[in-house]
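The block underneath contains the structure these notes are about, expressed in structure tokens.
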Amino acid sequence: MKELPIFPLQGVVLFPGSVLPLHIFEHRYRRMIDDVAGRDFRFGVINVDSSGLKKVGCIAEIVKMEKLEDGRSNIVTVGVERFALVKESEETDYPKALIEEFRENPTPANAKIYMTKASKMLLEVNLLSARLSKDSVDTAIEIPSNPEDLSFLIASSLPSWPGIKQEFLEMKDTDVRLAREIPILKHVRDHLRAVVAIEDAFKNTPESLLG
């Protein structure tokens with residue numbers, strides 16, 4: 001076990017490998033960022049709701065930091081690894097907690113089957129999203145070769161469903177996580193397809209019929 005500075009964020013679930021930009025304005029978290037910047041640039045991000053802190057969070061590492069003149073700062077962090085919350089420490093300048101490692105179980109061979117299905121569906125969702133956003137920027141997504149990394153990428157890219165995302169963060173089996181993600185991806189893909197079809201129908205409708 002070790003003690004780690006904690007940044008509770010309502011409705012935010014950080015996954016390993018995911019990018020999380022933050023604007024630091026509260027004085028206690030300014031002190032926290034100053035402290036971690038003088039050590040290892042790491043702190044814990046953990047989802048919080050009306051029941052309190054969740055039991056599993058993710059260590060965030062600061063990879064970019066912009067200090068503002070008034071003491072606030074803009075930072076960019078990347079999720080490093082998950083942790084289990086053991087006990088909240090008595091708060092001094094900012095929240096801290098005792099944590100321990102939270103490791104994934106060995107990945108079974110059948111995870112590759114789920115990985116193939118999930119990869120294909122994620123690419124479809126990404127292409128449909130890019131089409132709807134009409135973003136001229138290259139939105140190509142790189143599919144991880146590791147099943148665990150893929151499952152985290154999918155979980156982080158899902159719509160803002162903190163309850164479901166927290167479940168995925170707390171899972172220890174990659175194959176189970178991927179299997180649960182596939183029907184959600186299918187639902188998102190089908191929804192996006194329907195929206196694209198509606199847009200295309202309006203584009204191809206003569207103006208005289210549109211009033």
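The values are calculated or read from the model by the stated rules, or taken from the named source; none is laboratory data. In this text, all values refer to a predicted model and were calculated from it rather than measured experimentally. Here the Cβ is made from the backbone with ideal geometry for all residues, glycine too, and neighbour counts use every protein chain on show.
Residues that are surrounded by fewer than 17 Cβ atoms within 10 Å (Cβ to Cβ), among the hydrophobic types (A, V, I, L, M, F, W, C) and more than 18 Å from the chain's Cα centre (by Cα) within the range 91-139 comprise Leu98, Ala109, Ile113, Leu127, Ala130, Leu132, Val137, listed in sequence order.
Looking across Glu69, Glu100, Glu91, Glu26, one residue alone is among the acidic types (Asp, Glu) and in contact (Cβ under 8 Å) with a residue 12 or more places away in the chain. It is Glu100.
Going by the conditions given, is Ala197 among the aliphatic types (A, V, I, L, M), modelled with pLDDT under 85 and not in a loop (DSSP other than H, G, I, E, B)? It is false that Ala197 is among the aliphatic types (A, V, I, L, M), modelled with pLDDT under 85 and not in a loop (DSSP other than H, G, I, E, B).
Restricting Ser129, Ser151, Ser119 to those that are part of a helix (DSSP H, G or I), polar (S, T, N, Q) and touching a residue at least 40 places away in the same chain (Cβ under 8 Å) reduces the list to Ser129. Given (1) on the phi < 0 side of the Ramachandran plot; (2) free of Cβ contacts under 8 Å to residues at least 60 places away in the same chain, identify the lone condition not met by Gly52. Going through (1) on the phi < 0 side of the Ramachandran plot; (2) free of Cβ contacts under 8 Å to residues at least 60 places away in the same chain one by one, Gly52 breaks only (1).
Among the numbered conditions (1) in contact (Cβ under 8 Å) with a residue 24 or more places away in the chain; (2) in a helix (DSSP H, G or I), the only one that Pro159 does not meet is (2). Taken over the range 169-186, the residue count meeting the criterion of being surrounded by 22 or more Cβ atoms within 10 Å (Cβ to Cβ) and free of Cβ contacts under 8 Å to residues at least 60 places away in the same chain is 1.
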